[in-house]
Amino acid sequence: MTGLRELTEPDAQGRFGPYGGRYVPETVMPALLELEAAYREARSDPAFWSELDYYYRQYAGRPTPLYFAERLTRELGGARIYLKREDLNHTGAHKINNCLGQALLARRMGKRRIIAETGAGQHGVAAATVAARFGMKCTVYMGAEDVRRQEPNVFRMRLLGAEVVPVTTGSATLKDATSEALRAWVTNVEDTYYVIGSVVGPHPYPAMVRDFQAVIGRETIEQIRAAEGRLPDVAIACVGGGSNAMGLFHPLSAYPEVRLVGVEAAGRGLGTGHHAASLGAGEPGVLHGALSYLLQDEHGQVREAYSVSAGLDYPGVGPEHAWFRDTGRAEYVAVTDDEALAAFQLLARTEGIIPALESSHAVAYAARIAPQLPPDAIVVVNLSGRGDKDIYHVMRLLGQAGREGEAAR
Ligand SMILES: Cc1ncc(COP(=O)(O)O)c(C=O)c1O
């Protein structure tokens, strides 16, 4: 256990090995130092965690089940596959775990307003949800392109009382929304708290968001021991910024016998340049205040990411994953759009569960390796969210829109 803590707790500068840190303008430092002090104090206060536990249970619906996917297992042949059902959380994804933690911290710090960035809108909806619940004002920065693509989630956020600000700079997507949210935070820091959506950004965000998501891994350990009397052989999760994956991996990383596999988006293929595989095909560099792997062009400029799933469509990744990658504690693989779409349909057909396109990447990798493993092997797949948000997108991709329209008429 001591080795683990040395491996995965950031140092005083917020570094995991060489990664992480605080690469920010001087104006952001006071806000980060205030946050770090507040989180350090909250983290060591049992009352903070018991209040969070109350909201996890009574509001988000935890613990989420660890479900044995019997028909999927039979269909694939090989390892026994379990699904950690984060899709059953309130608001439909793991993002609520983190937003509840940060909202409680914001309230403790006396902040009355929260701001957030969002890409696909899942984190924005979770942030708007906790703001409504705790009676805080909420502003969500969202790339203008994503505002157009994710209309239902924009409506949802507005219904929850949030102001959605379209960001038109750069590629008008998540990367630009994050930059804008960081800027807005600095100019309003007295009354405003910035709820970041993944294990990215400057210290203390990566470690803090991980702590709020680690409930996924802790529950998994307890549940798989109850079901199978032991830990899994393999734990698989998709990686965008990396929060659902780190939430699952971190508690399991204490057990060297468990293989941890993060699945990035290979998009149209790693060779095409249209992908979001920061760990698989990126280089170390600085983005949004931290050093980590990121997609860059030959001049070191951040390259645009691409994935069929908006939640994986980010050119960077959390610094703790970069460290897990370099130390070999976790493996990182990539799955194409086509494989993810096939897995989306496979899970719907075999288990009656429509996964988020992000989570479909993890399911696809499980489908790739399960047949090669013996029948007594155990694989846990983190189902980070549900696919309701993706059905229209998938309908268009599969060319079914016309047929469905005819049926409706
Ligand atoms: C359902 C779902 N899964 C995964 C992700 C990727 O984020 P992370 O890698 O931080 O878990 C998102 C992001 O929007 C999401 O909505």
* Computed P(r) (all Cα pairs; the chain; 10 Å bins; percent) -> 5, 24, 36, 26, 9, 1, 0
* Asked: Which of LYS111/LYS175; LYS84/LYS137; LYS84/LYS111; LYS95/LYS175 have a Cα-Cα distance over 22 Å?
  -> LYS111/LYS175; LYS84/LYS137; LYS84/LYS111
* Directionally averaged shadow of the range 149-288, computed from the convex hull of its alpha-carbon atoms, nm² -> 11.7 nm²
* Asked: Say a paramagnetic label sat at a point 7 Å from the Cα of ALA37, along Cα to Cβ; which residues of the range 153-196 have their backbone N under 15 Å from it?
  -> 190
* Local charge sum around SER171 (other residues, Cβ-Cβ under 15 Å, Lys/Arg +1, Asp/Glu -1)? -> -4
* To do: Provide the solvent-accessible area of PHE68, counting protein heavy atoms only and rolling a 1.4 Å probe, rounded to the nearest 10 Å².
  => 50 Å²
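Rg/Rh for the range 268-409: what does it come to with C-alpha atoms and Rh from Kirkwood?
Rounded to two decimals, Rg over Rh is 1.03.
For the range 18-156, divide the Cα radius of gyration by the Kirkwood radius and give the resulting Rg/Rh value with two decimals.
1.05
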* Give me the number: length gained by fully extending GLU70 to SER50, i.e. 0.36 nm times residue separation minus the C-alpha to C-alpha distance, one decimal in nm. => 3.7 nm
* Structure fact -> Percent antiparallel among DSSP beta bridges confined to the chain, rounded to 5, stands at 30 percent
* Structure fact -> With all protein chains present and a 1.4 Å probe, the order of ARG74, ARG259, ARG85 from largest accessible area down is ARG74, ARG259, ARG85
* To do: Just flag the GluC sites (Glu not before Pro) in the range 230-322 sitting in loop per DSSP whose Cβ has no more than 14 other Cβ atoms within 10 Å.
  => GLU257, GLU298
* Per DSSP H run of n ≥ 4, the term is -39500 (n - 2.57); total these for the chain, divide by its residue number, and report the mean residue ellipticity at 222 nm rounded to 500 deg cm²/dmol. => -13500 deg cm²/dmol
* Where does the Debye-calculated log10 I(q)/I(0) of the range 256-330 sit at q = 0.13, 0.15 Å⁻¹, using only Cα point scatterers of equal weight, no solvent? -> -0.37, -0.48
* Asked: Expressed as a fraction of 2.2 N^0.38 Å, the rule-of-thumb size for a compact globular protein of N residues, what is the C-alpha radius of gyration of the range 8-74?
  -> 1.72
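The values are calculated or read from the model by the stated rules, or taken from the named source; none is laboratory data. Everything numeric here is computed off the predicted structure, so don't read it as measured data. Heads up, the Cβs are rebuilt from the backbone with ideal geometry, glycines too, and the neighbour counts pull from every protein chain shown. What goes into the accessible areas is simple: the full protein's heavy atoms, side chains included, and nothing from ligands, DNA or RNA. Shrake-Rupley method; radii C 1.70, N 1.55, O 1.52, S 1.80 Å.
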